[in-house]
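Read the figures in this text as sums done on the coordinates, not as results from a lab. All values reported here derive from a predicted model rather than from experimental measurement. Here the Cβ positions follow ideal geometry from the backbone for every residue, glycine too, while neighbour counts run over all protein chains shown.
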Amino acid sequence: MTTLQRQARALGDPTRHAIYRYVADSDAPTGIAELTGHFQLNHNAIRQHLAKLVEAGLVIETVAKGPGRGRPRLLYELDRTADSRWGENGPYERLSLLLAEIIRTGDSASNVGRRAGRRLRLPRPTGGDPVVDIANAMAAQGFDPEIRAGEGRADVVLHNCPFESTALADPGTVCSLHLGIAEGLAEGTGVVVEELVARDPRPADCRVRLRARPLADNESEQDELANRGGVVRFVGRRRRPGRDDPKN
């Protein structure tokens, strides 16, 4: 069964489709208790419907960090890699809007990405960990991130490129957009985006390198951003067979 068939089957149930629309229309990740109260169904029924939506690749599930012990709270939001035919903008619709903004404003790709990152910040931070918040926001955009943390630093490994085809054709623009998005997500968190280590978008695994840096008393965050500048470093990019090979 194809992904499209699984998604169509998952949305064929009227209640499940309504839950999907509720999650898609929400301004923030949605919890099971909220859905239970809205739909007047028991927790198990809501969980079963959500499990089908997650399995079909229509929504993603994250764990909210919080104080105390007990069962962790699960949050659900739209999977931005889902096909746009289900009434939501897919990745290439979102990319077209970003590229149109570059053309309309004349701004750099990183500046446009930075503004997009500010808009994409999660309104409900997860336990006060800015790196987790940044990763969760990138997960909602289809990057499939994994956090690899060290002392005072962290790499967010992006296992998927939502703009893969365009990144192959114009890596400079797409990777600068991604760097800007990460910087916009990090603004005001005390976390600095050092660089984006860009790789071939087909296997992906690009890395957003972060570090914690308290600002000096006389230094604003904008000063830090201006002094540091955005860096995209390309590593091990592969040629496109048949198109990038030198002509005889």
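If packing is taken as the average count of other Cβ atoms within 10 Å, what order do 134-140, 196-202 fall into, highest mean first?
Ranking the peptides 134-140, 196-202 by packing returns 134-140, 196-202.
I'd like to know how the stretch 92-164 sits against the 2.2 N^0.38 Å rule of thumb: what's its Cα Rg over that expected value?
Dividing the Cα radius of gyration by 2.2 N^0.38 Å gives 1.23.
ARG80's amide H: which non-local residues (gap 5+, or another chain) put their own amide H closer than 5 Å, with H modeled 1.01 Å from N in plane and none for Pro or chain starts?
GLY142
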